[in-house]
Every structure is written in structure tokens, then in C-alpha cells.
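The structure appears right after this line, and notes come after that.
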Amino acid sequence: MKAAIGRESLSDWVDVTQDMIDKFADATGDHQFIHVDPERAKLTPFGTTIAHGFLTLSLLPQLAMKTPDAPRLDGVKMGVNYGGNKVRFLAPVPSNSRVRGRSKITEFEEKRPGQYQYTTETTVEIEGQDKPAMIAEWITQVFV
């Protein structure tokens, strides 16, 4: 894992559908019209509904940790989210768009025998847009 520090990996594209946004609104209780009311959202500068920022953040396991070419530790029994150092939402994710993660490990250390911690910096790209949706620095702990 230390040898992989700085090496970039790229996830597959993930569809962000209106159904996904609606289910996230139900799960979180955040039913702001910009997310769930396509007719009212047409009248905003975005012209459509947009994903919740926290929905984009919640895709990190799919966009950063499960990329086909991401480095892996052998013998992992479990992994847990430890927190984040920095999260910035830079551009809205329109409903029915696709996003992918461009990630790299920036830190890796053994906390105690069998417990490791690593930090991943992930940029979430929106297909067809120059500005990323989000940049996050996320910490994961794994146990072997």
C-alpha cells in the first residue's frame, strides 16, 4: 500500500438517477425541492433537479474504494470509515447524469498490529463537465 501512494485509480461511471435521489431524500428526510421536484427545479439556475451533496459523498465506497485498479491489502477482515479531513462540493450533480471517481492514496500507516489507516483523495467527476462535483479526503481503517 505504501508503494501505491500517489498512484491514481479511476472508477467506472455510476448513474445518478432521479430514483436514487428520491430514495436518498426519503432516507435522510431532505426533501428540498431542488432535489425532488423536477418542475420547480426547472426554474432554478440548474434547470433540473440535482443530487444532494451528501448523496455524492455517500458514493465514495463505490467511486474510490472499489475501483478495479485500486491497491488492496491481503487478508482484510473488515474496513471502517474513520472520517474525513476535507470535503468540498464544487458543482451540482444533475439528475440522470453519470459520475466517476479519480482517487489516490495520500497516506498509509499501521496504527497497531493488524490495524492500518489510509487516506484517499478522491475527485468526483461529472461526465461531460470540466468542473468536478466534489473533492474529498477520506480516512479508512482496515483490520487484518
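Any read-out appearing in this document is the output of simple, stated calculations on the displayed coordinates, not a laboratory observation. As the structure is a prediction and not an experimental result, all values here were calculated from the model. Ideal geometry is used to build each Cβ from the backbone, glycine not excepted, and the neighbour counts take in all protein chains shown.
In the range 67-139, which GluC sites (Glu not before Pro) are in a loop and have at most 16 other Cβ atoms within 10 Å, using DSSP for the loop call? Please report the intermediate quantities before stating the final value.
On the way: sites: Glu107, Glu109, Glu110, Glu121, Glu125, Glu127, Glu137; in loops: Glu127.
Here the sparse-neighbourhood loop sites are Glu127.
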Gaussian network model of the chain, springs between alpha carbon atoms under 10 Å - residue of Ser95, Ser11, Ser58 with greatest fluctuation: Ser58
Projected label distance in nm at Ile139 and Thr28, using a 7 Å step from Cα toward the beta-carbon: 2.2 nm
Relative exposure of Trp138, Trp13, judged by other C-beta atoms within 10 Å (fewest first): Trp13, Trp138
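I need to check one value: relative contact order of the chain, counting alpha carbon pairs closer than 8 Å and at least 6 residues apart, in percent.
Details: 305 pairs, mean separation 43.1, N = 144.
With pairs under 8 Å counted, the relative contact order is 30 percent.
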Charge dipole (the range 1-132, unit charges on Cβ, about Cα centre) - positive-most of Val36, Thr120, Phe89: Thr120
Rg followed by Dmax, in Å, when the range 1-63 is reduced to its Cα trace: 15.4, 50
In degrees, nearest ten, helix 18-28 long axis to first principal axis of the chain (Cα): 70 degrees
Value of Rg/Rh across the chain [Cα atoms, Kirkwood radius]: 1.03
MRE, 222 nm, helices only [DSSP H, n ≥ 4, -39500 (n - 2.57), over the chain, to nearest 500]: -4000 deg cm²/dmol
